[in-house]
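A short write-up of the structure that comes next.
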Ligand code: SF4
Ligand code: SF4
Ligand code: SF4
Ligand code: SF4
Ligand code: FES
């Protein structure tokens, strides 16, 4: 089928012209109606948060930067490097390379541990599937959302970064807030 | 080969009419109707079903109890139900039962994601267990061998590994120990399970109980990709699948079942040898000798030097092509030599040249058997070959033919063979006396005993009677030949008896043609072929096992001093590898070693040492700094591993198979075909360029009987050229009908026999997991000789010829015939080739 420009022209249907007085109301009346809300709120004072000095608190279930966990008693890593999180991840941003524990080098509780555990935060969509897939609750989504960085490669989080003590930069919303 | 024509039966499964081959087990027959019946222990590769796991229970109308579908053959009109409540509850119960002692620790288990137990529990299990008692515990994981780890808690006692060891590899090492719920898998004597095929059990185990130490925890199925190619570490050329991950390394090698080639098994060299691809010692940069030292240089510099060296030598250059080279590479090397440098000297065999007439006769399609023909052979003769060392997968195939299909086996070797216990007849002869032995066997077959079924019973019988009346029971000369072969006449007679039949298949080692009298040996082999009437019928034939993995292909594309591509005649015959040492440094100046290491693999080591020292220029394509390279190479170009190659190879039975690149080459390694093309271009002044597919096309065109074969036709399963129309283009060669020459008198004294070992190889040296298998030189002696020489088992001895000695550990074997001593070829140290020179040798053995 050949393309004829006339077929793609859309005719705009305009409403009826309101005329002189109606026109004036449309120009000013509606504006004033909007401004009523503005001035009404003015008395409440500013609500802008002075980010980064001040931060938006998040709900406890907010899905932010991941964390890997250790057992509190033994200090061993909970992650056994099973790669199930990597299988579940829709963005394919987790890379796990497992290795075998030895008595001299016991990293996790099972036979197997994650020698490499990387999450590419530039690709993560924070869906939380990894957390759900993990059979050992080894990975959870934290609350931190401040993930900007200067280079992409810095956004590949390694196991050490994920295991490190949680960053407590993000305030949680208080009950009822 | 004709197999009995298949009949089909119709039966009903889950209310559907299905047609399936007669005699098929219900499990397989159900697949024709798209019904899946879960199985654990059923594995057709392992032979008869055992019905051990009960996972496959189905209801069959007219039978009061549920039946195992894996061991019930389908019958016409059978009515089978797989979905009834009765079957469902049985399946649930079996899964629950199997999981009673199973830890279900899938996240740490290496099988997770590719585990039949996971799949079946999910698909057919009830999803719950009533078992709350403690499960059984074992120490885990432990080494079943350095290559295989075993986790006994996960074992579901399906028998597969044990059956493999007992019925396929026939090493009888794995057994079930204890009884009842104490049963566990182990070796009968508690020693590690080490054998040439042990790795296969990791692929067979349906759970994570047996895992290979080299792959454990390296990746999950969703992390990997599998690339199909062909293993070129030995002439069996098994079809393999290489598992790779994101780091561009091969992580494991798995079998890619091809019943025409490997039956789905791999040897451990093939399975674990992949580690050599990523060895830190691998050469990944061109090297040039500079003030006596090999130093890394740029490709430009190395190529300049290579071109200069070859150009200077011109027609005074020679090339040796190693067995791992593809047809394309071999073709290019011989093209470089013959058409560009004008030198006729190119060889790929470590021995003397094969007469062209003989090569043509041996290649005749009617004389050549396919691997699958072994299954329907009337008898199999293995001659001069220790298959487990030379082509391990054929060893399994021969065992299968004997055990499962009842094919009688005749073993004729000088060294005691591991196939002896399976053989209907064994013939022992003196090392190096193949010619006499073959002649004697041929004479025995065409002379005495029963007449050959195809040679007119009546005529033969009357001849026989006449002979008897004349008082000559057997044609004279037989016993003389037997004496020259050092073989016993009764043994020859039983062997001949076993071989009379419609379709015998002869597996012979090309090693018997490598000696000085190699061509006489081939003549005798062809006489044997005639005596067996291999050339007249539809069945039977021969399979020659070359020394190199692609020995057959290399010969057919022209890497022979007296034959061009397609076994064609050449204007000028070159020097075979055996004559090169004498010529190097005199009439030959430059040597091109294409993945060849003559100091390790060629006989007459001292001559080669002198020769490579005298050579003016040595250019080597090599993946490691082997001795030849270290000692003599002036320019070294890094070689590719087979996982990095594109091209074709030819199986000993004539099957062309395709290599496909599975991983990228390490930085600094270039495709060898590309490098060869560059050498051709620069030396000839004409630009040659061809991408791999085009190069294959070129080769297929250059070899008349490959013509018309394309990569597409070869495909993933390969194609025997004998089965294509092009086979008719093989120049006709009659079977010689000459009187066989008289074999020479055997030398007096202790005779030396040498043979390759599966583990005396580069792979063993450089693959970390295999290193423990590297053999030490061992002198196998008969107890009589040992007593005479005052040698006790385990003694350090020196085996010497004319003052040259090789140190070895003495091993006494009762089945070694007195008067012979055997050494291993190709060991890293104390290589037996220091003593060999292609002729029969007598040695002295003394305590060191
Ligand atoms: S949150 Fe979702 S996208 Fe991000 S790593 Fe987990 S599974 Fe992948
Ligand atoms: S985080 Fe959890 S799911 Fe991911 S590898 Fe570790 S244990 Fe497995
Ligand atoms: S063998 Fe299979 S079911 Fe058993 S733990 Fe391993 S993956 Fe899970
Ligand atoms: S180790 Fe594996 S193959 Fe062997 S019996 Fe147990 S489950 Fe079967
Ligand atoms: S598969 Fe039939 S009993 Fe195991």
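Hey, for a label at residue B:796 modelled as a point 7 Å past Cα toward Cβ, could you say which residues of segment B:808-848 have their backbone N under 16 Å away?
Correct set: B:808-811, B:829-831, B:846-848.
State the percent of C-alpha pairs, over all pairs in chain B, separated by a distance greater than 45 angstrom.
Numbers: 108459 of 359128 pairs.
Tail of P(r) above 45 Å: 30 percent of Cα pairs.
Can you tell me which of B:184-192, B:731-739 comes out highest on packing, and rank the rest after it, using the mean Cβ neighbours within 10 Å?
Numbers: B:184-192: 14.3, B:731-739: 12.0.
Going from most to least packed, we get B:184-192, B:731-739.
Set the Förster distance to 51 Å, then compute FRET efficiency between residue A:30 and residue B:246 from the Cβ-Cβ distance, nearest 0.05.
On the way: r = 59 Å, r/R0 = 1.16.
According to the calculation, E is roughly 0.30.
If you count, for every residue in A:129-138, the Cβ atoms of partner chains within 10 Å of its Cβ, what is the mean?
Details: counts 0, 0, 0, 0, 0, 1, 4, 2, 0, 1.
Whole-number average of other-chain Cβ neighbours for A:129-138 is 1.
How far apart, in nanometres, would the label points at residue B:686 and residue B:614 be if each is projected 7 angstrom from Cα along the Cα-to-Cβ direction?
Placing both labels 7 Å along Cα→Cβ, they lie 3.6 nm apart.
How far is helix B:518-531 tilted, in degrees, relative to the longest principal axis of the Cα atoms in chain B, given as a value from 0 to 90 rounded to the nearest 10?
The two axes meet at around 50 degrees.
Once the Cα gyration tensor of segment B:1-83 is found, what semi-axes does its equivalent ellipsoid get, as square roots of 5 times the eigenvalues, in whole Å, sorted largest first?
19, 17, 11
Assuming R0 = 30 Å, can you tell me the calculated FRET efficiency for the pair residue A:102 and residue B:177, based on Cβ-Cβ distance, to the nearest 0.05?
Once rounded, the FRET efficiency stands at 0.65.
Give the Rg/Rh ratio for the protein assembly as shown, taking Rg as the radius of gyration of the Cα atoms and Rh as the Kirkwood radius, to two decimals. Walk me through the intermediate numbers first.
Values: Rg = 35.3 Å, Rh = 33.0 Å.
With Rh from the inverse mean 1/r over Cα pairs, Rg/Rh is 1.07.
Based on alpha-carbon centroids, what's the gap between segment B:628-653 and segment B:228-305 in Å, whole number please?
Cα centroid to Cα centroid, the span is 9 Å.
Could you tell me what percent of the DSSP beta bridges with both partners in the protein assembly as shown are antiparallel, to the nearest 5? Let's see the in-between values first.
Details: 74 of 124 bridges.
Percentage antiparallel, nearest 5: 60.
Can you tell me how much longer the chain between residue B:776 and residue B:304 gets when fully stretched, taken as 0.36 nm per residue apart minus their C-alpha distance, in nm with one decimal? Don't skip to the end; give the middle numbers.
On the way: separation 472, 0.36 × 472 = 169.92 nm, distance 4.08 nm.
Gain on extension, residue B:776 to residue B:304, equals 165.8 nm.
Kindly list the residues of segment B:600-630 that lie in the label zone of residue B:670, defined by a backbone N under 19 Å from the point 7 Å along the Cα-to-C-beta vector.
B:618-624
Partner chain Cβ atoms within 10 Å, averaged over the residues of A:94-104 - can you pull that number for me? Walk me through the numbers before you get to the answer.
Working: counts 0, 3, 3, 7, 8, 3, 8, 2, 0, 0, 0.
Across A:94-104, the average partner-chain Cβ count within 10 Å equals 3.
Can you tell me the order of B:513-520, B:839-846 when each peptide is scored by its average per-residue count of other Cβ atoms within 10 angstrom, highest first? Before the final figure, lay out the partial values.
Numbers: B:513-520: 21.9, B:839-846: 18.1.
Result, highest mean Cβ count within 10 Å first: B:513-520, B:839-846.
Relative to a virtual label point 7 Å from the Cα of residue A:132 in the Cα→beta-carbon direction, which members of segment B:208-246 show backbone nitrogen distances below 11 Å?
The answer is none, because no backbone nitrogen lies closer than 11 Å to the label point.
Take peptides B:208-218, B:79-89, B:669-679 and line them up by average Cβ neighbours within 10 Å, highest first, as a rough protection proxy. Could the numbers behind the result be given before it?
Numbers: B:208-218: 23.4, B:79-89: 15.3, B:669-679: 20.4.
In descending order of packing, they fall as B:208-218, B:669-679, B:79-89.
For a footprinting-style exposure proxy, rank B:222, B:759, B:508, B:124 by other Cβ within 10 Å, fewest first. Don't jump to the answer; show the numbers that get you there.
Values: B:222 13, B:759 21, B:508 25, B:124 18.
Final ranking by Cβ density, sparse to dense: B:222, B:124, B:759, B:508.
For segment B:750-847, what proportion of DSSP beta bridges, expressed in % and rounded to the nearest 5, is antiparallel? Each step should come with its number before you reach the end.
Numbers: 14 of 24 bridges.
Approximately 60 percent, going by the DSSP bridge assignments.
Provide the percentage of antiparallel DSSP beta bridges, counting only those with both residues in chain B; round to the nearest 5.
Working: 60 of 108 bridges.
If we restrict to bridges inside chain B, about 55 percent are antiparallel.
Report the Cα centroid-to-centroid distance between segment B:734-784 and segment A:125-160 in angstrom, as an integer.
60
Say each of residue B:516 and residue A:70 gets a label point 7 Å from the Cα, pointing the same way as Cα to Cβ; how far apart are those two points in nm?
7.5
For segment B:534-581, what does the convex hull of the Cα positions come to per residue, in cubic angstrom?
Values: hull volume 5.4 nm³, N = 48.
Once divided by residue count, the hull of segment B:534-581 is 113 Å³.
How big is the Cα convex hull of chain A in projection, averaged over all directions, in nm²? Before the final figure, lay out the partial values.
Working: hull surface 86.4 nm².
Approximately 21.6 nm², given one-decimal rounding.
Kindly put B:223, B:623 in sequence by how many other C-beta atoms sit within 10 Å of each C-beta, fewest to most.
Numbers: B:223 20, B:623 23.
Ranked by crowding around the Cβ, least crowded first: B:223, B:623.
What average number of partner chain Cβ atoms lie no more than 10 Å from the Cβ of the residues making up B:212-220? Provide the component values of the computation, followed by the final result.
On the way: counts 0, 1, 0, 0, 5, 14, 5, 4, 8.
For peptide B:212-220, the averaged partner shielding equals 4.
Using all alpha carbons of segment B:661-782, what is the percent of pairwise distances in each 5 Å bin, ordered from the shortest bin to the longest?
Taking all Cα pairs of segment B:661-782, the binned fractions are 2, 7, 9, 9, 9, 11, 14, 13, 12, 10, 4, 1, 0 percent.
Given a Förster distance of 30 Å, report the FRET efficiency between residue B:737 and residue B:837 from their Cβ-Cβ distance, rounded to the nearest 0.05. It would help to have the intermediate numbers written out before the result.
Working: r = 32 Å, r/R0 = 1.07.
Taking R0 as 30 Å, the efficiency between residue B:737 and residue B:837 is 0.40.
By how many degrees, between 0 and 90 and to the nearest 10, does the Cα long axis of helix B:434-446 differ from the longest principal axis of chain B?
70
Tell me, how many Å apart are the Cα centres for segment B:321-382 and for segment A:1-32?
86
Report, as a whole number in µm² per second, the diffusion coefficient that Stokes-Einstein gives for segment B:83-151 at 37 °C and 0.692 mPa s using the Kirkwood radius over alpha carbon pairs. Before the final figure, lay out each step's value.
Details: Rh = 13.7 Å.
Rounded to a whole number, D works out at 239 µm²/s.
Based only on other Cβ atoms within 10 Å, what is the fewest-to-most ordering of A:124, B:559? Numbers along the way, then the final one.
Numbers: A:124 21, B:559 31.
Going from sparsest to densest Cβ surroundings: A:124, B:559.
Readers should treat all values here as calculations from the given coordinates under stated rules, not as data from a laboratory. Being a predicted model, the structure only gives us computed values, none of them experimental. For neighbour counting, all protein chains shown are included, and Cβ atoms are generated from backbone atoms with ideal geometry for every residue, glycine included.
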